[in-house]
Each structure stands twice: as structure tokens, then as C-alpha cells.
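The values are calculated or read from the model by the stated rules, or taken from the named source; none is laboratory data. Since this is a predicted model, take the numbers as computed values, not measurements. Cβ: placed from backbone, ideal geometry, glycine included. Neighbour counts: every protein chain shown.
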Amino acid sequence: MIRHPKVKWVAPMVLTGALLAGGSAAIAADTWNDSNREKAVDLPIARKASKEDMEARRAEMQERLAAKVESGEISQAEADDIRAKMADRKAKFESGDRP
């Protein structure tokens, strides 16, 4: 009797390939044909902050710095240094030298 060891593996390999191909096709079909959603991909859109928002943020930062100086958390010199660094960063950003 002649044995062919390769023949033993043919059926399981064919079955595994068929299962993988069928499963992949089912997953792909489910992903692309989702009728519950209006859009296929819902990505957040980053919007540029308005001038009013930027002014409000700047005013809030100034208030927080003033509060920290009053509470003694930082000194007036440290607050002035922070303000100078922020002004420097703004100038660099506006000139096109962005981080």
C-alpha cells in the first residue's frame, strides 16, 4: 500500500482557505454595506477658532495668571515671563515659523 502524506493535508488546507475567503468577504460586505449610517465615515472636522474665541482664551489666560499671582502660587516676574513667551510664540506663528 502506497501512502501519500501530502494528500492528507489537501482537504484541510482547501477547507481553511475557503473559510478564510468567505469570512473575509462577509466582513468586507458588512463594512461597506452598512445601511444604518448615513455616511460611511464620520470624521471630525477641525475648524479654525474665531477671533472672538481666541480673544476669550487670551482673556481667560490673563485672568488665571492674575489669580495665581494673587494667591502667591507664582510671582509677578514669572507671570510676566509667561506673557512674554506667549507673545513671542504668537509672533513666530504669525511670521510663518511654526513649531
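Do we find a residue being hydroxyl-bearing (Ser, Thr, Tyr), surrounded by 10 or more Cβ atoms within 10 Å (Cβ to Cβ) and either at pLDDT 80 or above or within 25 Å of the chain's Cα centre (by Cα) (or both) anywhere in region 10-23?
yes
If only one of Ile45, Ile82, Ile74, Ile27 is hydrophobic (A, V, I, L, M, F, W, C), out of contact with any helix residue (DSSP H, G or I) (no Cβ under 9 Å at 6 or more places or on another chain) and modelled with pLDDT of 70 or more, which one is it?
From the options Ile45, Ile82, Ile74, Ile27, the qualifying one is Ile45.
Identify, please: which residue in region 50-86 is of a type in the set (Gly, Ala, Ser) and surrounded by 10 or more Cβ atoms within 10 Å (Cβ to Cβ) and is, among those, nearest to the chain's Cα centre (by Cα)?
Once the filter is applied, the top-ranked residue is Ala56.
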